[in-house]
Amino acid sequence: MKCAICRNGETESGVTTVTLERKQTTLVFKQVPAEICENCGEVYLSSQINRALFKQAEQELRRGVFLEMVNYSTNNDWCVA
């Protein structure tokens, strides 16, 4: 797809790191599948990936973590890095 930000590049499949913060908690998700603009680097996450990230973030918040780093698994399981 054409990048909505730079309007010049095309996106290609890749992986990225996503950082989410809420109050005093920081969650870092590594190896998240995404579409990435080959020109400007803008990252696009699918709605399915986005929902999975927020679901995992809510679970981590309920556990009371302050800083957590996790790898996204292609089979939709999560493992602590």
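None of the figures in this text is laboratory data; all of them are computed from the coordinates on show. On a predicted model such as this, the values are computed, not experimentally measured, just so you know. Cβ sites come from the backbone with ideal geometry, for glycine too, and all protein chains shown count toward neighbours.
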Legend entry - DSSP bridge pairs, the chain: antiparallel proportion in percent, nearest 5: 75 percent
Inset, instruction - Kindly express, to the nearest 10 degrees and within the range 0 to 90, the angle between helix 47-63's C-alpha long axis and the longest C-alpha principal axis of the chain. - result: 20 degrees
Legend entry - Convex hull projection area averaged over all views, the chain, Cα basis, nm²: 5.6 nm²
Legend entry - Extreme residue, positive dipole direction of the chain, given options CYS37, GLN56, GLN24 (C-beta unit charges): GLN24
